[in-house]
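The values are calculated or read from the model by the stated rules, or taken from the named source; none is laboratory data. Small disclaimer: the values here were computed from a predicted structure and weren't measured. Quick reminder, even Gly has a Cβ in these numbers, built from the backbone with ideal geometry, and neighbours come from all protein chains shown. Quick note on the areas: whole protein, heavy atoms, side chains included, nothing else; ligands and nucleic acids left out. Shrake-Rupley method; radii C 1.70, N 1.55, O 1.52, S 1.80 Å.
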Amino acid sequence: MTATVSPALRTLGNSDLALTPIGFGAWAIGGGNWEFAWGPQDDNESIAAIHRALDRGVNWIDTAAIYGLGHSEEVVGRALRSSSHKPYVFTKCSMRWHPDRSIYRSLRAASVAEELEGSLRRLGLDTIDLYQIHWPNPEEEIEECWETLARFREQGKVRWFGVSNFNVGQMKRAQKIAPITSLQPPYSMLVRAAEEELLPFAQANGIGVINYSPMVSGLLTGKMTAERVAAFPADDWRRRAVEFNEPRLSRNLRLVELLREIGDGHGASPGVVAVAWTLHNPAITAAIVGGRSAEQVEGLAPALEFRLSGEEYARINGFLAANPA
């Protein structure tokens, strides 16, 4: 077993949450048979992955009620009960499901209250460290939900609350009611829209940012090939994703070879380099890194400490500029 690292902690926005630079993302461990699944997943492997992340020093887990239609939260709860570590636990509301597993969306106060109670039960917790609106949808219900989250904090059911996938206008609406602790946007070297408005706004307003998909859902890990993409299970949502399809796939796999070349000089995988690229942006507090096995987590744990030099960062950006999507 590799020794636990002690990475520099980063404070999330206006909170007292001191985060490791990467956290464990629990989307993929939700398992298969739902609209945004990653294919079948062994729960024991998932629990081993969480335990390995915590043993390596990761101090927060990000999940959502919708991941696996409650199953991800249940697995996280099992992992917490069988671990001596006490990480921060973040989850999300807004996406719900019918008995036939079809998904619907609600930000109504009564719906969100039901969601919170369900999440607390599945996770085996009395309080959620960070409770997030997963998507600003239905948009006309944002204010009602944000007021509800502020009440949850007063009641001690959540410690802090934030938003995910919001734009600047939607964040300004929430700010009129209560401060925003954090924003969770997609951000990676292939998905950079957040650089235009979101990240500058977050910095200017003291909002912490935890970015998701820094490795573009496994594409930049160094383990992906055209053959593996072609063999994805039928219920793997990535089959429909633009970056996993031509003409972009070939360009992206060439990018991975550059990341491999940079990482080889440091004993770091392409995925670790991809995560470090996002952490290079001063607006990013910490990055969400998923793992479906202890082996995967072990390979990505160096992202806790690995950082790119200015020259390496510029080299990656040069490739992206010369090879537009």
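Observations, loosely collected:
- Of all residue pairs spaced 6 or more apart or on separate chains, those with beta-carbon atoms under 8 Å, a first member in the range 160-174 that is farther than 14 Å from ALA204 by Cα and touching a residue at least 60 places away in the same chain (Cβ under 8 Å) and a second member that is assigned to a helix (DSSP H, G or I) and open to solvent by 30 Å² or more (accessible area, probe 1.4 Å) are TRP160/ARG153.
- Residues of the range 270-306 satisfying the condition of being farther than 19 Å from LEU320 by Cα, touching a Pro at 6+ places or on another chain (Cβ under 8 Å) and open to solvent by less than 50 Å² (accessible area, probe 1.4 Å): ALA283, ALA286, ALA287, ILE288, VAL289, ALA303, LEU304
- Residues of the range 72-121 satisfying the condition of being in contact with a Gly (Cβ under 9 Å, 6 or more places away or on another chain), open to solvent by 10 Å² or more (accessible area, probe 1.4 Å) and farther than 27 Å from PRO21 by Cβ: GLU74, TRP97, ARG121
- Exactly one residue out of ALA286, ALA294 is in contact with a strand residue (DSSP E or B) (Cβ under 9 Å, 6 or more places away or on another chain) and at pLDDT 95 or above: that is ALA286.
- Residue match in the range 177-192 (condition: assigned to a helix (DSSP H, G or I), within 23 Å of ALA18 (Cα to Cα) and either open to solvent by less than 20 Å² (accessible area, probe 1.4 Å) or not small (Gly, Ala, Ser) (or both)): no
- LEU220 satisfies every condition listed in (1) in a loop (DSSP other than H, G, I, E, B); (2) open to solvent by 30 Å² or more (accessible area, probe 1.4 Å) except (2).
- Test: LYS157 is free of Cβ contacts under 8 Å to residues at least 12 places away in the same chain, in contact with a Phe, Trp or Tyr (Cβ under 9 Å, 6 or more places away or on another chain) and open to solvent by 10 Å² or more (accessible area, probe 1.4 Å): no
- Close pairs (9 angstrom Cβ cut-off, 6 or more residues apart or separate chains): touching a residue at least 12 places away in the same chain (Cβ under 8 Å) in the range 220-248, exposed (fewer than 12 other Cβ atoms within 10 Å of the Cβ) and not in a helix (DSSP H, G or I) anywhere: ALA226/GLU246; PRO233/PRO40; ASP235/PRO40; GLU243/ALA325; ARG248/ALA325
- Applying the condition of being assigned to a loop (DSSP other than H, G, I, E, B) and farther than 20 Å from SER72 by Cβ to the range 268-299 and asking which residue is farthest from the chain's Cα centre (by Cα) yields ALA268.
- Output for the range 206-247, where each listed residue is closer than 21 Å to GLY23 by Cβ and of a type in the set (Phe, Trp, Tyr): TYR212
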